[in-house]
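Student: Sending over a structure as structure tokens; questions will come in a sec.
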């Protein structure tokens with residue numbers, strides 16, 4: 001990692017949290033979706049994060065024990081397989097013979113909490129970038 | 001008169017020139033590579049490394065099972081300098097030093113023995129943000145020390161005139 005390693009790592013955090021926010025937003029938008037291409041109600045989506053590995057193995061060998069890590073990456077978006085809940089609504093076009101409609105397994109409260117977590121994590125990464133930036137600028141003042 | 005002054009100036013220039021390419025170069029080298037500068041340099045590089053490590057920890061705050069890292073430098077430096085004890089005088093260059101000499105290099109340690117959340121991650125965002133703020137101030141302090149050292153040299157070169 002060079003001079004801007006801290007900014008690169010924080011930027012990967014920004015990207016990951018932004019994607020998480022997109023997925024949460026999609027979940028909330030589909031809170032009442034009863035029809036999907038695969039059939040059945042919409043299923044809640046989740047993002048999976050993992051630490052980003054160093055791309056250059058040679059550089060890792062060079063830096064020996066100074067492996068600071070490379071930020072975060074999104075491994076994938078998975079579906080929540082928890083059971084969907086059923087609502088009694090015989091007038092609904094997707095209702096079964098008993099009058100029940102299969103509704104998505106999206107809990108708006110959970111999504112809201114996740115959204116706050118994503119927002120705060122995003123802000124923390126922005127703070128890191130600002131801090132690293134001010135440090136890099138301060139270093140330019142040496143010898144002035 | 002004018003011609004004389006010009007001559008003296010010219011001589012000065014030649015003297016400086018000779019000084020620079022013989023002894024002057026060595027003097028300048030010893031000023032720029034003084035122990036103080038090399039300690040501050042290493043501290044600056046440790047702080048920069050710590051910023052990267054903290055940044056990595058913060059970007060992985062929502063990664064399940066992630067274990068945080070930390071940079072160790074100040075303790076190593078303290079060990080290398082000694083606890084303020086008297087240093088033994090060397091009367092011969094072949095005398096063995098008391099402790100290992102030289103400025104230590106910063107080391108990154110992964111803390112994988114603790115857990116902070118049920119998902120196995122041990123990143124505490126409050127601690128990371130506090131460390132970030134501390135590291136920023138520390139970096140600025142080291143830069144200020146380096147700057148004051150160089151401005152002192154600059155002042156000496158300019159004979160105290162601004």
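The values are calculated or read from the model by the stated rules, or taken from the named source; none is laboratory data. As the structure is a computational prediction, the values presented were derived from the model and not from experiment. With ideal geometry, Cβ positions are generated from the backbone for all residues, glycine too; neighbour counts draw on all protein chains shown.
Student: Give me the residue from segment A:24-55 that is away from chain B (no Cβ under 11 Å) and surrounded by 19 or more Cβ atoms within 10 Å (Cβ to Cβ) and, out of that set, farthest from the chain's Cα centre (by Cα).
Tutor: A:34
Student: Any residue in segment B:139-151 that's more than 9 Å from chain A (Cβ to nearest Cβ) and on the phi < 0 side of the Ramachandran plot: show its pairings with residues that are surrounded by 14 or more Cβ atoms within 10 Å (Cβ to Cβ) and in a helix (DSSP H, G or I) at Cβ separation under 6 Å, as long as the two are six or more apart or on different chains.
Tutor: B:142/B:40; B:142/B:43; B:142/B:44; B:145/B:40
Student: In addition: Would segment B:110-129 turn up any residue that is farther than 25 Å from residue A:134 by Cβ and either at pLDDT below 85 or in contact with a strand residue (DSSP E or B) (Cβ under 8 Å, 6 or more places away or on another chain) (or both)?
Tutor: There is at least one residue in segment B:110-129 that is farther than 25 Å from residue A:134 by Cβ and either at pLDDT below 85 or in contact with a strand residue (DSSP E or B) (Cβ under 8 Å, 6 or more places away or on another chain) (or both).
Student: Which one of these does residue B:47 not meet: (1) loosely packed, with under 14 Cβ neighbours inside 10 Å; (2) under 19 Å from the mean Cα position of the chain (by Cα); (3) modelled with pLDDT of 85 or more?
Tutor: (1)
Student: Going by what's in this entry, would residue A:77 be described as at pLDDT 90 or above, part of a helix (DSSP H, G or I) and closer than 30 Å to residue B:52 by Cα?
Tutor: Considered against the rule, which asks whether it is at pLDDT 90 or above, part of a helix (DSSP H, G or I) and closer than 30 Å to residue B:52 by Cα, residue A:77 comes out as no.
Student: Can you pull out the residues in segment A:102-125 that are surrounded by fewer than 16 Cβ atoms within 10 Å (Cβ to Cβ), touching a helix residue (DSSP H, G or I) at 6+ places or on another chain (Cβ under 8 Å) and closer than 22 Å to residue B:124 by Cβ?
Tutor: A:119, A:120
Student: If you take the residues in segment A:97-133 that are in a loop (DSSP other than H, G, I, E, B) and farther than 12 Å from residue A:41 by Cβ, which one is farthest from the other protein chains (Cβ to nearest Cβ)?
Tutor: Applying the first criterion (in a loop (DSSP other than H, G, I, E, B)) to segment A:97-133 yields A:97-99, A:104-107.
Imposing the further condition that a residue be farther than 12 Å from residue A:41 by Cβ reduces the set to A:97-99, A:107.
Working: A:97: 42, A:98: 38, A:99: 40, A:107: 18 Å.
Residue satisfying both the conditions and the ranking: A:97.
Student: Name the single residue, out of those in segment B:63-93 being modelled with pLDDT of 90 or more and over 23 Å from residue A:133 (Cβ atoms), that is nearest to the other protein chains (Cβ to nearest Cβ).
Tutor: By that ranking, first place goes to B:63.
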